[in-house]
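Asks: This is the structure I want to talk about, given as structure tokens.
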Amino acid sequence: FDKTGTLTVGRPRLTDVVVHPGVDEQQLLAVAASIQSGSSHPLARAVVAAAADKALVLPEVSQVLSTPGKGLQGTVLGADYLIGNLAWITELGGTFEPFQQALADLQSRGATLAAFALSQSGRLKVLALMAFGDEPKPSAAPAVAALRAQGIRVMMLSGDNQAAAQAMAQRVGLLPDEVISDVLPGDKAAHIARLKQDG
């Protein structure tokens, strides 16, 4: 099974925003929502919904670029921002020093995480962590149990970090070794092919 929208309801909500000292959370949320306003990704929709709930005015955005499975970048008021998964932000040079405690806390709760960063002179400064929560479908755990009762091995593939994927897996009755996490959308078919090859 794919996780989001299959085993889960697929309507994640923004649960936490942890900002760098000195950063205005409302302003950051408005910029993040503006960059993601044209995206259909469930996490992007959750950010836009959170900004709408607070009645924030979204600034104008330009040059929005999507990197599938990783995140988005865009220009707002002359500044270049990125929002995406932690692996992508790290790959591009972002670091999480001021966020280590928050990162550990959120991951231990099984949150899906994204980072919001500012790109200046070719360097990334992480301005915030965003945490998202989703709920399992009521039918997910019974379906997993029914398949297992028929002798079928059930696996879950997810683009989420390992902690978030394992937390959801536990809620739907999957074992730790039945979870493959941190998988880009384009790589999921290859993982399935490998599982078939292994019998």
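Asks: Out of everything in the range 115-131 that is open to solvent by 10 Å² or more (accessible area, probe 1.4 Å) and in contact with a strand residue (DSSP E or B) (Cβ under 8 Å, 6 or more places away or on another chain), what residue ends up being farthest from T90 (Cα to Cα)?
Replies: If we take residues in the range 115-131 being open to solvent by 10 Å² or more (accessible area, probe 1.4 Å) and in contact with a strand residue (DSSP E or B) (Cβ under 8 Å, 6 or more places away or on another chain), then Q120 is farthest from T90 (Cα to Cα).
Asks: A further question follows. Which is of a type outside the set (D, E), part of a loop (DSSP other than H, G, I, E, B), open to solvent by less than 50 Å² (accessible area, probe 1.4 Å) and at pLDDT 90 or above, of G173, G151, G159, G110?
Replies: That would be G173, the only listed residue that is of a type outside the set (D, E), part of a loop (DSSP other than H, G, I, E, B), open to solvent by less than 50 Å² (accessible area, probe 1.4 Å) and at pLDDT 90 or above.
Asks: Pull up the range 61-96, narrow it to residues that are in contact with a strand residue (DSSP E or B) (Cβ under 7 Å, 6 or more places away or on another chain) and of a type in the set (D, E, K, R), then point me to the one that is farthest from K3 (Cα to Cα).
Replies: It comes out as D80.
Asks: Which pairs turn up if I take residues in the range 177-199 that are under 16 Å from V154 (Cβ atoms) and of a type in the set (S, T, N, Q) and look for partners that are open to solvent by 80 Å² or more (accessible area, probe 1.4 Å) and part of a helix (DSSP H, G or I) with beta carbon separation below 8 Å, at least 6 apart in sequence or on another chain?
Replies: Close Cβ pairs satisfying both conditions: S181/Q162.
Asks: Shifting gears a bit: If the Cβ limit is 7 Å and pairs must be 6+ apart or interchain, which residue in the range 14-25 that is part of a strand (DSSP E or B) pairs with which residue that is open to solvent by 40 Å² or more (accessible area, probe 1.4 Å)?
Replies: Listed pairs, sorted by first residue: V17/E25; V19/E25.
Asks: Restrict the check to the range 95-105 and report whether at least one residue is assigned to a strand (DSSP E or B) and not charged (D, E, K, R).
Replies: no
Asks: Kindly indicate the residue of the range 1-13 that is part of a loop (DSSP other than H, G, I, E, B) and within 13 Å of the chain's Cα centre (by Cα) and also modelled with the lowest pLDDT among those meeting that condition.
Replies: Going through the qualifying residues, I end up with G10.
Asks: Still on this structure, please answer the following. Being touching a residue at least 40 places away in the same chain (Cβ under 8 Å) and out of contact with any Gly (no Cβ under 6 Å at 6 or more places or on another chain) is the filter here; which residues of the range 26-41 pass it?
Replies: L28, V31, A32, S34, Q36
Asks: Search the range 1-20 for residues being among the polar types (S, T, N, Q) and surrounded by fewer than 19 Cβ atoms within 10 Å (Cβ to Cβ), and hand back the single one that is nearest to F132 (Cα to Cα).
Replies: T15
Asks: What do you reckon, is S62 open to solvent by less than 40 Å² (accessible area, probe 1.4 Å), of a type outside the set (A, V, I, L, M, F, W, C), out of contact with any His (no Cβ under 6 Å at 6 or more places or on another chain) and not in a loop (DSSP other than H, G, I, E, B)?
Replies: For S62, the condition - open to solvent by less than 40 Å² (accessible area, probe 1.4 Å), of a type outside the set (A, V, I, L, M, F, W, C), out of contact with any His (no Cβ under 6 Å at 6 or more places or on another chain) and not in a loop (DSSP other than H, G, I, E, B) - is not met.
Asks: Scan the range 84-107 for residues that are among the aliphatic types (A, V, I, L, M), over 20 Å from G186 (Cβ atoms) and either modelled with pLDDT of 90 or more or within 13 Å of the chain's Cα centre (by Cα) (or both) and jot them down.
Replies: Within the range 84-107, A102, L103, L106 meet the criteria.
Asks: Could I ask something else about it? Quick check on my filter: what residues within the range 131-148 are outside any strand (DSSP E or B) and either under 21 Å from L103 (Cα atoms) or among the β-branched types (V, I, T) (or both)?
Replies: Within the range 131-148, D134, E135, V144 meet the criteria.
Asks: Scan the range 133-148 residue by residue and report those that are at pLDDT below 95 and either open to solvent by less than 50 Å² (accessible area, probe 1.4 Å) or under 11 Å from the mean Cα position of the chain (by Cα) (or both).
Replies: G133, D134, P136
The values are calculated or read from the model by the stated rules, or taken from the named source; none is laboratory data. Quick caveat: nothing in here was measured; it's all calculated off a predicted structure. Heads up, the Cβs are rebuilt from the backbone with ideal geometry, glycines too, and the neighbour counts pull from every protein chain shown. Heads up: the accessible areas ignore ligands, DNA and RNA and are worked out on the full protein's heavy atoms, side chains in. Shrake-Rupley method; radii C 1.70, N 1.55, O 1.52, S 1.80 Å.
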